[in-house]
Amino acid sequence: MESKKGTQSYESFPMNGGEGQYSYAQNSNSQRTGADITKHISRDAIIEMLDVESFVQHSSNVIRIADLGCSVGLNTFFTIQNIIDAVNLKSQSQGRHVLDSLELQVFFNDHADNDFNTLLKSLPKEKQYYAAAVPGTFHGRLFPESSIHVFNSSYALHWLSRVPKDIVDKNSDAYNYGRIYFTNEDKKVAAAYSAQFAKDIESFLNSRALELVPGGIMTLIIPCVPPDSKNVFEVAANSMENVLVEMANKGLISHEQVDSFNLPVYMPASEEVKELIEKNGKFKIERSELLYQLYDFKIQQAVDARNGSMEMRAAFEGVLKNHFKEEGIMDEIFIQFEKKLAEATLLFPDPSYRQLGGLFVIKHALA
Ligand code: SAH
């Protein structure tokens, strides 16, 4: 699909919709935990840095908040409420009574094929804001210039706008033969993923820099790999790859299908994210925290194979279905995947596997 300016094509990989057993809404506890353990940092940063009163004095009494890559389920409402609490507290501390005159408008953004129906039907009944859905890719423009005061994006920026072109090109050195992701040894494939991520982050930041009002704030949770940590996602991706190869060996799917399948996500190193924000130059990093340092999280306890498999299914079933179209194949893939994950979690007592994730609070560099 072409973007408005016709410069970049992108693909969309929605999470499982609805509220059924395989839905994202029912299988996103890890992401909820990330939002929960970082909420006080985001809240305090907003209270400290967002000058609500100056926005009201200089433009209007409407404060606009957007959650980018909101998906379906309660996580987005939880994050939005945290931001609203912070805005209200700040506004009160600046002498304004909440119900006095401040009006709040919240935009829920995701790809057009996200299950917005379920999302909008589950909006909190007692909400203090006007809600709107904004369909489209966050790698391009979504809002008018200088219109949003607080942006959030949680667990969404690791989704690439496309599988890196070179890794599916048989003539390229980075051709990812027989694999669906990469390990550290696959330098060329890793570089192709990293380059695509850099390009995507650049377009994301450029668009947001135009849309954020001067003095506005952006909070980002990205499932990045902490320094000196082994990549726990690699273990899940390898398990999935083993499942697909075994199924191809059994003739349930073809080897060509496995060769041409690649996961359209990239878990960057946390330093890589910082460098990209700095290189873009339009934002200043005000806070940066690694999630594993915020509470005592033990990967081996948390990655119960059943939950891990259900969370992977909620997030990746859409991508897999799009590629492997055989009837009933998804159940088989995830039955086998759960078994592989159970074997793989034997690795996790190794303390060099740390929880993925970083929180970045950023502001306009010039503001
Ligand atoms: N923020 C929620 C959901 C994360 S799931 C939470 O923390 O639980 C990731 C979401 O990002 C998915 O719904 C996916 O469709 C969305 N997403 C991925 N790439 C996107 C893009 N380029 N533009 C808009 N949404 C995107």
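Here are some notes:
- For the stretch 193-212, the criterion of being over 25 Å from L290 (Cα atoms), in contact (Cβ under 8 Å) with a residue 24 or more places away in the chain and touching a helix residue (DSSP H, G or I) at 6+ places or on another chain (Cβ under 9 Å) is satisfied by no residue at all.
- Total residues in the stretch 147-161 satisfying the condition of being within 15 Å of the ligand (Cβ to nearest atom) and either of a type in the set (S, T, N, Q) or modelled with pLDDT under 95 (or both): the figure is 4.
- Positions within the stretch 346-367 being among the small types (G, A, S), more than 15 Å from E271 (Cα to Cα) and in contact with a helix residue (DSSP H, G or I) (Cβ under 9 Å, 6 or more places away or on another chain), in sequence order: A365
- Here E202 fulfils each of the conditions (1) within 19 Å of the chain's Cα centre (by Cα); (2) surrounded by 18 or more Cβ atoms within 10 Å (Cβ to Cβ); (3) not basic (K, R) apart from (2).
- Residues located in the stretch 317-342, provided they are open to solvent by 30 Å² or more (accessible area, probe 1.4 Å) and touching a residue at least 12 places away in the same chain (Cβ under 8 Å): N322, H323, E326, E332, Q336, E338, K339, K340, A342
- Taking the stretch 212-253 as the range and being open to solvent by 40 Å² or more (accessible area, probe 1.4 Å) and either under 24 Å from G178 (Cα atoms) or basic (K, R) (or both) as the test, the residues that pass are K230, N238, N242, V245, E246, N249, K250, G251, L252.
- Within the stretch 256-274, if we keep just the residues that are free of Cβ contacts under 8 Å to residues at least 60 places away in the same chain and not in a strand (DSSP E or B), the residue that is most open to solvent (accessible area, probe 1.4 Å) turns out to be E256.
- With respect to the conditions (1) free of Cβ contacts under 8 Å to residues at least 40 places away in the same chain; (2) farther than 27 Å from M247 by Cβ; (3) of a type in the set (D, E, K, R), K188 lacks only one, and its number is (2).
- The set of residues in the stretch 55-86 being open to solvent by 10 Å² or more (accessible area, probe 1.4 Å), farther than 22 Å from H139 by Cα and either over 27 Å from the mean Cα position of the chain (by Cα) or away from the ligand (no atom under 13 Å from the Cβ) (or both) consists of F55, V56, Q57, H58, S59, S60, N61, V62, Q81, D85.
- If you check N206, N171, N152 for being in a helix (DSSP H, G or I), more than 18 Å from V319 (Cα to Cα) and among the polar types (S, T, N, Q), only one passes: N206.
- Search result, residues across the stretch 326-367 that are farther than 30 Å from E256 by Cα and acidic (D, E): D350
- Residue within the stretch 42-54 that is surrounded by 23 or more Cβ atoms within 10 Å (Cβ to Cβ) and either polar (S, T, N, Q) or within 14 Å of the ligand (Cβ to nearest atom) (or both) present: yes
- Residue check, S93 open to solvent by 20 Å² or more (accessible area, probe 1.4 Å), without any contact (Cβ under 8 Å) to a residue 12 or more places away in the chain and among the small types (G, A, S): no
- Single unsatisfied condition, L120 versus (1) hydrophobic (A, V, I, L, M, F, W, C); (2) within 18 Å of P223 (Cβ to Cβ); (3) open to solvent by 40 Å² or more (accessible area, probe 1.4 Å): (2)
- For the stretch 277-320, taking the residues that are assigned to a helix (DSSP H, G or I) and among the aromatic types (F, W, Y), the one that is farthest from the chain's Cα centre (by Cα) is identified as Y292.
The values are calculated or read from the model by the stated rules, or taken from the named source; none is laboratory data. These figures come from a predicted structure and were not determined experimentally. Using ideal geometry, Cβ is built from the backbone for each residue, glycine included, and neighbour counts are taken over all protein chains shown. Note: areas computed on protein heavy atoms with side chains; ligands, DNA, RNA excluded. Shrake-Rupley method; radii C 1.70, N 1.55, O 1.52, S 1.80 Å.
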